[in-house]
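Notes follow once the structure below has been shown.
What follows draws every value from the coordinates through simple rules; no lab data is involved. Predicted, not measured: the structure shown is a model, and the values here were computed from it. Cβ sites come from the backbone with ideal geometry, for glycine too, and all protein chains shown count toward neighbours.
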Amino acid sequence: MSSKTVWMVSGNKGGVGKSLFCLALASAFEASGLQYAVFDGDGRTGDVFGIFNRKCPARQGDFRSLRPESHLCSLDREYETLLKSLLAGSPHLIVNTPDGADAVLKKWFDVTLAHTEASNINFRFIYLMSDRPDGLDMLPQLAQSFQFLYPVRNLHFGNERLFSVFNQRFMDGFKIVLDFPALRGEEVRMLFDLQTYPAEILKLKSKGKKAYAIPAVARARIHAWQNKVNELVWGMVDNTDMPNLEFGKW
């Protein structure tokens, strides 16, 4: 398989932690000395692009600008050209998507998958979840298209037992279900307010301007949290040839 990977980060609704997952994912690569690029397709906020702009190859767009009923158009070709460009110098490309996986966004998911398959590039679909059932009915449809789809329970919303709808109706359809560790709300806000991400914080010199805004105890918690995320990420990286589906479970 190719050593290049596209990481498509989506979720069942808004506010599930997609932006934070993108930051954590990039930090895992940074800690291992791997180059990465970022495409932020969430034209509403663009917070991921704001953090990574001028720190790595990063571009911004709006996935909501193309309707699902439209025919293959120039926007598709422009997007594929952009993907090719970002992957040319980086083995990992993180793609942030707008809130909620739906028919509009599936158009973009499909275009991305088609490009990766044609170019022999790995594709990992990250599906972040809150403890609410909104949008979960999309999971079986997505699983039919994306063999390497990883449901991720964001433990910010509570322990795994609170994800009852997913656990009872959908979990048995996947070989691997991941749990995204929780980070304190004030520390999440700190990352976005300072437009930084964990790998940057952990490398800041004590006299740096941003370092003064980050208490030592917060740095320690972020470091411990990132270590847990690293284990989660490398588990997906190592699972190169085994699709994450248990067919016929839905």
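A few comments on the model shown:
- Around the amide H of Leu245, modelled in the peptide plane, lie the amide H atoms of Lys175, all under 5 Å away and 5 or more residues distant in sequence or on another chain.
- Here Phe148, Phe39 are placed in order of increasing Cβ neighbour count within 10 Å, fewest first, which gives Phe148, Phe39.
- Phi angles of region 178-184 translate, via the Karplus equation with coefficients 6.51, -1.76, 1.60 and θ = phi - 60°, into HN-Hα couplings of 9, 10, 7, x, 7, 10, 4 Hz per residue; Gly and Pro are given as x.
- Burial ordering of Met236, Met138, fewest other beta-carbon atoms within 10 Å first: Met138, Met236
- Point-to-point label distance, Arg221-Asn159, nm (Cα→Cβ direction, 7 Å offset): 2.0 nm
- Pairs exceeding 29 Å between alpha-carbon atoms, taken from Lys13/Lys107; Lys175/Lys203; Lys84/Lys175; Lys84/Lys228: Lys175/Lys203; Lys84/Lys175; Lys84/Lys228.
- Taken one residue at a time, the phi angles of region 7-22 give Karplus couplings (6.51, -1.76, 1.60, θ = phi - 60°) of 10, 8, 9, 10, x, 7, 6, x, x, 8, x, 4, 4, 5, 5, 4 Hz. Gly and Pro are set to x.
- Protection proxy ranking, peptides 94-104, 183-193, 18-28, average beta carbon neighbours within 10 Å, highest first: 18-28, 94-104, 183-193
- Bridge type composition, the chain - antiparallel percent by DSSP, nearest 5: 5 percent
- Residues Tyr79, Tyr197, sorted so that the one with the fewest Cβ neighbours within 10 Å comes first: Tyr79, Tyr197
- In order along region 35-47, the phi-based Karplus estimate (6.51 cos²θ - 1.76 cosθ + 1.60, θ = phi - 60°) of 3J(HN,Hα) comes to 7, 8, 10, 9, 10, 9, x, 8, x, 6, 10, x, 5 Hz; Gly and Pro are listed as x.
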